[in-house]
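Have a look at the structure below before the remarks.
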Amino acid sequence: MRLRAAGFSLIEVLVAMFVVAMGILALAGLLQASTRYSKMSELRSTATLLANDIADRIRANPIGGELGVGGYDLIGQGFPGPLVPARAPCTSDTPCNPGDLARVDLADWTARVRATLPKGSTWVQFHAGHPPAPDSVDVWVGWADPLTLAPGISTDRSGTECPASWKAAEPSVRCVYLQVAL
């Protein structure tokens with residue numbers, strides 16, 4: 001009587017190693033995608049907080065918003081936005097009027113946007129309301145998506161959420177849009 005050897009053949013071991021290796025590679029890809037999407041979520045959350053910050057500043061100084069071009073308007077900016085706008089020369093001896101306070105708010109806020117977002121850019125546009133509709137301000141906060149800045153990767157996923165001039169200048173631009181009623 002002849003006994004058969006029991007155990008795994010070399011082919012079976014190689015197939016099992018291949019299956020395990022594919023599983024590990026799939027998990028590595030999942031981890032990379034998870035990291036990428038968490039970074040996108042972090043940037044979007046930061047931009048939303050910044051948009052809400054300027055909205056609160058505008059609501060606190062509605063007269064500054066009503067001044068139009070001299071107030072909270074910051075339009076026609078390319079992407080990435082220009083340098084931080086000049087601050088109004090307000091001191092304790094010469095307090096700010098509503099227009100000056102709007103300039104101080106825009107300078108501080110724009111500096112925060114540029115410091116916290118990659119290629120952070122801003123666009124603020126006042127719209128006079130026709131009664132009974134209130135006045136409103138459109139706020140866009142934009143940034144360059146670091147995931148699409150790598151060479152050879154360029155996807156336009158900005159849709160209609162960004163100003164057209166920004167999308168034309170930078171395909172990787174991402175935006176948060178907020179309309180503030182005064």
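Assess whether ALA16 counts as being at pLDDT 80 or above, in contact with a strand residue (DSSP E or B) (Cβ under 9 Å, 6 or more places away or on another chain) and over 23 Å from PRO146 (Cβ atoms). I'd like the intermediate steps shown before the answer.
On the way: at pLDDT 80 or above: yes; in contact with a strand residue (DSSP E or B) (Cβ under 9 Å, 6 or more places away or on another chain): no; over 23 Å from PRO146 (Cβ atoms): yes.
It is false that ALA16 is at pLDDT 80 or above, in contact with a strand residue (DSSP E or B) (Cβ under 9 Å, 6 or more places away or on another chain) and over 23 Å from PRO146 (Cβ atoms).
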Task: Qualifying positions in the stretch 137-176 - part of a strand (DSSP E or B) and either buried (at least 17 other Cβ atoms within 10 Å of the Cβ) or modelled with pLDDT under 75 (or both) - done: VAL137, VAL139, TRP140, VAL141, GLY142, TRP143, ALA144, VAL173, ARG174, CYS175, VAL176
TODO: Take the residues in the stretch 100-124 that are crowded, with 18+ Cβ neighbours inside 10 Å and among the small types (Gly, Ala, Ser), then tell me which one is farthest from VAL141 (Cα to Cα).
DONE: ALA102
Open item on the list: Between a residue in the stretch 107-129 that is modelled with pLDDT under 85 and any residue that is assigned to a helix (DSSP H, G or I), which pairs come within a Cβ distance under 6 Å, given they are 6 or more apart or on different chains?
Closed with: PHE126/GLY65; PHE126/GLY68
Open item on the list: Quick test of your reading of the structure: SER92 fulfils all but one of (1) among the polar types (S, T, N, Q); (2) surrounded by 15 or more Cβ atoms within 10 Å (Cβ to Cβ); (3) assigned to a loop (DSSP other than H, G, I, E, B). Name the failing condition by number.
Closed with: (2)
Open item on the list: For the stretch 2-10, check the following and say yes or no: at least one residue is at pLDDT 80 or above and either in contact with a strand residue (DSSP E or B) (Cβ under 7 Å, 6 or more places away or on another chain) or of a type outside the set (S, T, N, Q) (or both).
Closed with: yes
TODO: Would you check which residues across the stretch 105-129 are under 19 Å from CYS162 (Cα atoms) and outside any helix (DSSP H, G or I) and list them?
DONE: LEU117, PRO118, LYS119, GLY120, SER121, THR122, TRP123, VAL124, GLN125, PHE126, HIS127
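The values are calculated or read from the model by the stated rules, or taken from the named source; none is laboratory data. Remember, predicted model here, so these are calculated numbers, not experimental data. Note: ideal-geometry Cβ built from the backbone for every residue, glycine included; neighbour counts use all protein chains shown.
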